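Student: Before we start, here is the structure in question, set down as structure tokens.
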Amino acid sequence: MEKVLIIEDEVDIAQLVAFNLERNGYLVDQVHDGREGLKKILKDQPDLVILDLMLPGLDGYKILKKMQRDPRSHSIPVLMLTAKSQIDDRLKGLELGADDYLTKPFSPKELILRAKAILKRNRVTPGSSTFSHGPFHFDKDNLCFSLNQEPLSLSLIEFKLLLYLCQRPGQPQDRNDLLKVIWGYSDEIHSRTLDTHMKRLRQKLGQEGTLIETIRGTGYQIRQIE
Ligand code: CA
């Protein structure tokens, strides 16, 4: 059973979300305070976090930042809940590592669809158990990448981008294809955050970041290494 943690201070929304997830077979827990939410993420390691942005104690952005920095939580996917008017907030949340967002008010059906999509793409099923591409080595058992024998600390999105590119060396990948692979669909907001995630991934790769090339008008590719 997959575990979902809801962090939302509006108790009736939290309960509505919990009710619908439970009805769909998820094991659900809810907290109504940010600080308590972060504690629970680290302790319980849920499969998915549903995170409201405006929270008492610790707001959603701070939680996202802390999750990214902690190896216990950086690969746990996050679906954020945002108010309709807050487009900038949505962008900021996605840039801080959230996987997707839902705009309030949302339908239970939409909620379940999004949650399922995130959990599905979290189950990484690469073709081979381990492979290497140049300085990169992928280990399926531990679901991790190492670079020149040093483990890389990647967010789920960075991990998926690197895996996808490494499996297709020397082949330019179209932005829309990347968006569909990572987020399940493409739209303008996710398109802008793709570049942010790519930038952060390159930074984490240090000198080897130049192996990821921007293909003008198309998207990205990882350089073929002989
Ligand atoms: Ca709130």
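Student: Between the helical axis of 156-166 and the dominant principal axis of the chain, each derived from Cα atoms, what acute angle in degrees is found, rounded to the nearest 10?
Tutor: Once rounded, one gets 20 degrees.
Student: Subtracting the Cα-Cα distance from 0.36 nm times the residue separation, let me have the gained length for Glu36 to Ser132 in nm, one decimal. Please report the intermediate quantities before stating the final value.
Tutor: Working: separation 96, 0.36 × 96 = 34.56 nm, distance 4.01 nm.
Net length gain for the segment: 30.6 nm.
Student: For a quick check, take a GNM of the chain with Cα springs below 10 Å and name the residue from Lys66, Lys120, Lys109 with the largest mean-square fluctuation.
Tutor: Per the Cα network of the chain with a 10 Å cutoff, Lys109 tops the list.
Student: Translational diffusion coefficient of segment 130-222 at 10 °C, 1.306 mPa s, Stokes-Einstein with Kirkwood Rh over Cα pairs, in µm²/s as a whole number.
Tutor: Approximately 119 µm²/s, per Stokes-Einstein.
Student: Classify segment 1-50 as rounded, prolate or oblate, taking a ≥ b ≥ c as the square roots of the eigenvalues of its Cα gyration tensor: rounded when a/c is under 1.5, otherwise prolate if a/b is larger than b/c and oblate if not.
Tutor: Numbers: a/c = 3.10, a/b = 1.13, b/c = 2.75.
Because a/c hits 1.5 or more and a/b fails to exceed b/c, segment 1-50 counts as oblate.
Student: Relative to the first principal axis of the alpha-carbon coordinates of the chain, what is the inclination of helix 34-44, with its axis defined by its Cα atoms, in degrees from 0 to 90 and to the nearest 10?
Tutor: The answer is roughly 60 degrees.
Student: Sum up the charges of everything whose Cβ sits under 9 Å from the Cβ of Ile6, counting Lys and Arg as +1 and Asp and Glu as -1, but leave Ile6 out.
Tutor: Cβ neighbours under 9 Å give a net charge of -3.
Student: Specify the residue with the greatest mean-square fluctuation among Phe138, Phe106, Phe159, computed from a Gaussian network of the chain linking alpha-carbon atoms under 10 Å apart.
Tutor: Result: Phe106 has the largest fluctuation of those listed.
Student: Quick one: 3J(HN,Hα) in Hz for segment 202-211, Karplus 6.51/-1.76/1.60 with θ = phi - 60°, rounded, Gly and Pro as x.
Tutor: With coefficients 6.51, -1.76 and 1.60, one gets 4, 4, 5, 7, x, 4, 6, x, 6, 5 Hz.
Student: Let me ask you something else. May I ask for the equivalent-ellipsoid semi-axes of segment 3-122, computed as the square root of five times each C-alpha gyration tensor eigenvalue and listed largest first in whole Å? Before the final figure, lay out the partial values.
Tutor: Values: eigenvalues 65, 54, 41 Å².
Semi-axes, largest first: 18, 16, 14 Å.
Student: Separate question: Angle, helix 108-122 long axis vs. longest principal axis of the chain, Cα atoms, 0 to 90°, nearest 10?
Tutor: Long axis of 108-122 versus the principal axis of the chain: about 30 degrees.
Student: Would you mind checking the radius of gyration and Dmax of the chain based on alpha-carbon positions, in Å?
Tutor: Considering the chain through its Cα atoms, Rg and Dmax are 17.6, 57 Å.
Every number in this text was worked out from the coordinates using simple rules, so none of it is lab data. These figures come from a predicted structure and were not determined experimentally. Because the Cβ atoms are built from the backbone with ideal geometry, glycine has one as well, and the counts that use them run over all protein chains shown.
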